[in-house]
1. Quick check on my filter: what residues within region 264-273 are under 13 Å from F237 (Cα atoms) and either of a type outside the set (V, I, T) or assigned to a helix (DSSP H, G or I) (or both)?
2. Name the strands (runs of 3 or more DSSP E) wholly within region 137-235 that hold at least 3 residues that are open to solvent by 20 Å² or more (accessible area, probe 1.4 Å) and at pLDDT 95 or above?
3. What number of residues within region 277-304 satisfy the criterion of being open to solvent by 60 Å² or more (accessible area, probe 1.4 Å) and among the aliphatic types (A, V, I, L, M)?
4. Filter region 260-271 for residues that are hydrophobic (A, V, I, L, M, F, W, C) and surrounded by 15 or more Cβ atoms within 10 Å (Cβ to Cβ); which is farthest from M295 (Cα to Cα)?
5. Go over the candidates D74, D121, D153 one by one and state the one that is more than 16 Å from ligand 2 (Cβ to nearest atom) and not assigned by TED's automatic domain parsing to the domain that holds A181.
6. For residues that are within 16 Å of ligand 2 (Cβ to nearest atom) and in contact (Cβ under 8 Å) with a residue 40 or more places away in the chain, tally how many sit in region 11-32.
7. Quick one: which of G66, G79 is within 23 Å of V177 (Cβ to Cβ), within 16 Å of ligand 2 (Cβ to nearest atom) and among the small types (G, A, S)?
8. When the residues of region 123-136 are narrowed to those that are in a loop (DSSP other than H, G, I, E, B) and loosely packed, with under 14 Cβ neighbours inside 10 Å, which ends up nearest to the chain's Cα centre (by Cα)?
Amino acid sequence: MSTVASAVERDRLRIAIQKSGRLSEPARALLASAGLSWQESRDRLFCFGVSLPVDLLLVRDDDIPGLIADGVCDLGIVGRNVLLEQAGERAERGQPAVFRELRALGFGGCRLSIAVPDGWDWQGPAQLAGKRIATTYPNQLRAWLRVQQVEADIVVLNGSVEIAPRLGQADAICDLVSSGATLAANQLKPVLDIVRSEAVLAGPVQPFGDARAELVDLMLRRMDGVLRIRDSKLLLFQASRAAVESVMRLLPDAEPPTMCAVDGGETLALQALCHGAMTWQRLEDLKRAGARGLMVLPVEQMLA
Ligand code: ATP
Ligand code: ZN
């Protein structure tokens, strides 16, 4: 069965991102690092792609899965929480899956958590049986309660979930948490995460049958390149042959290094791509293990 998305042929790709909110800036920055540039339109809802035939649609995050489902846009950058919620809603209605997560993007991290009043002595999910839980994410909560085999009442709210217990609308809540400060301000405490979320690249389940297929592949390859090197550094150093093993043991996040012999063979010059953060502490540990002339270089672009 073909989806609406692949039914309408197009030779330009459309990516939907949040117009304004937590994900807008990092989403734009990621796409720009992948080589996209745009001509801003006056209404700032549609940006015409200049460097590649890839246009941007600036929308509310909640609209992104539906726009993909309807074929209005081809890819979207949206929180996993939103994508899973709308996928769950479709599944509840017996509709087939039409969008899916293609890549986790490493920003916009948060958790969909159960939070209960500070005074509760939390014993576990069974304690929620018969209770009212307020949320804007009923589908994910329902799915989780089902797995836990707990029967509770789901109170669906559109916002301000965290004040529901104080207002007597609910006993507990299920909401997005990042720092937990909002919960604390409302005398609530998070007790359990039901979903770990971050921004994701979403796209249709069915592949495209036109020029967009190649553009999607290109975008994925470039984004993978950007994501791979996001925290990466190129480390250059020298070490005696005898010390190389203990130095490399301190670099479990490094790719196999390139080595070449200098000084008639007893000393090696190494270059290693490291994917974790390079702190002063790490450099000092490396030096103690025998690395000399350590140099940490930023990595701008990478093509595997
Ligand atoms: P819109 O006007 O586009 O509907 P919004 O108010 O729904 O905006 P934001 O508050 O900007 O959206 O959040 C967008 C996404 O950011 C969330 O869906 C979630 O994936 C992520 N996020 C990260 N941290 C948090 C947080 N502490 N609270 C809410 N969302 C968070
Ligand atoms: Zn929203």
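1. L268, A269, L270, Q271, A272, L273 - these are the residues of region 264-273 that are under 13 Å from F237 (Cα atoms) and either of a type outside the set (V, I, T) or assigned to a helix (DSSP H, G or I) (or both).
2. Details: elements: 153-156, 172-177, 188-197, 199-204.
Filter on region 137-235 gives 153-156, 188-197.
3. First, the residues of region 277-304 that are open to solvent by 60 Å² or more (accessible area, probe 1.4 Å): 277, 279-281, 284, 287-288, 292-293, 295, 298, 300-301, 303-304.
From what is left, the residues that are among the aliphatic types (A, V, I, L, M) are 277, 295, 303-304.
Number satisfying all stated conditions: 4.
4. Applying the first criterion (hydrophobic (A, V, I, L, M, F, W, C)) to region 260-271 yields 260-262, 268-270.
Retained after the next criterion (residues that are surrounded by 15 or more Cβ atoms within 10 Å (Cβ to Cβ)): 268-270.
Working: L268: 15, A269: 12, L270: 11 Å.
That would be L268.
5. Numbers: D121 fails: not assigned by TED's automatic domain parsing to the domain that holds A181; D153 fails: not assigned by TED's automatic domain parsing to the domain that holds A181.
Only one candidate passes the filter, namely D74.
6. Of the residues in region 11-32, the ones within 16 Å of ligand 2 (Cβ to nearest atom) are 16-27.
Adding the requirement that they be in contact (Cβ under 8 Å) with a residue 40 or more places away in the chain leaves 16-19, 21-23, 26-27.
Qualifying residue count, region 11-32: 9.
7. On the way: G66 fails: within 23 Å of V177 (Cβ to Cβ).
After applying the criteria, what remains is G79.
8. Our first condition is that a residue be in a loop (DSSP other than H, G, I, E, B); within region 123-136, this holds for 123-124, 129-131, 136.
Retained after the next criterion (residues that are loosely packed, with under 14 Cβ neighbours inside 10 Å): 123-124, 129-130.
Numbers: Q123: 31, G124: 28, A129: 32, G130: 34 Å.
Ranking the qualifying residues of region 123-136, first place goes to G124.
The values are calculated or read from the model by the stated rules, or taken from the named source; none is laboratory data. Note that the structure is a prediction, hence the values are computed from the model and not measured. In this analysis, Cβ positions are derived from the backbone assuming ideal geometry, glycine residues included, and neighbour counts consider all displayed protein chains. Heads up: the accessible areas ignore ligands, DNA and RNA and are worked out on the full protein's heavy atoms, side chains in. Shrake-Rupley method; radii C 1.70, N 1.55, O 1.52, S 1.80 Å.
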